[in-house]
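Step one of this worksheet: look at the structure below.
Read the figures in this text as sums done on the coordinates, not as results from a lab. Please read all numbers here as calculations on a predicted model, not as lab measurements. As a convention, Cβ positions derive from the backbone with ideal geometry for all residues, glycine included, and neighbour counts pool all protein chains shown.
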Amino acid sequence: MKTRKYEAIAGNTIQSACKEAVTLAKRELCNVEFDFNKQTLTATPDSDPATMAKAYMHECERRHAEYIASPEYKRQQEEYEANQRERESKLNAMLASAPEHMTLRDPEGWKKSCEVNSDGYGGAVMTYAERWARLMESRIAKGERIADIADDCSHLADNEGITGFMYGCAVGILSKVWQHGEALRLWHNLKTQIRDEGAEANESGGVLNPAMLSIG
């Protein structure tokens, strides 16, 4: 029996891909081969899509267990933990020389922002934002520029697992309340822009949120 290739498209689940492959195999009376997340599957006219999907999931679990037990995984975990210890040591050292609190140009605005962001998600943004600002202040005091330090300090400050949207919110808050917020806003907009929307936001006083941008 002949075999033809089928290309699973973006958005396909393993269930939908198996169903489409089996439908094609039945219609053309052939075997249908396709790749899904580095696994090669073959559907025949007699295949059951649910059984194929279940076998795929079992193989994923087997490969995962095999990887977890491998020396490579152990090496990567040890490397990750070493990097985390190094990052934490660097963070603590910088915070020790940073201001205890960021320097505010709008204390009331910061207070209100903290009050309305007291939940877990919003609170994480506020905690990250102040830690980030403190780290930047410690380096600004040494004569460094926002444009040269903001990225490095942002990664170092991120204990919360900040998303792109949360990062954009932090910039928006700091731009309004922090002593160096305007310089941060101008840098962030130009760094984030895809075309010229950052320059436009700088003129209008806005802040781009990277999670909202589209290249389409």
*Scan (i) 1.13; (ii) 1.02; (iii) 1.49 for the value of Cα Rg over 2.2 N^0.38 Å calculated from this model and give just the label.*
(iii)
*Would you order HIS180, HIS188, HIS64 from fewest to most other beta-carbon atoms within 10 Å of each residue's own beta-carbon?*
HIS64, HIS180, HIS188
*asked:* Nearest 5 percent is fine: what portion of the DSSP beta bridges confined to region 3-68 is antiparallel?
replied: 60
*Of all DSSP beta bridges located in the chain, what percent are antiparallel, nearest 5?*
65
*Net charge near TRP132, counting Lys/Arg +1 and Asp/Glu -1 over other residues with Cβ under 11 Å of its Cβ?*
-4
_If I stretch the segment between LYS142 and THR42 completely, what's the gain in nm (0.36 nm per residue apart, minus their alpha carbon distance), one decimal?_
29.7 nm
*How would you rank 138-149, 17-28, 70-81, highest first, on the average number of other Cβ atoms within 10 Å across their residues?*
17-28, 138-149, 70-81
*Calculated FRET value between LYS5 and ARG87, using beta carbons and R₀ = 35 Å, to 0.05*: 0.20
*asked:* Just want to confirm a number: the relative contact order over the chain, from Cα pairs under 8 angstrom separated by 6+ residues, in percent.
replied: 13
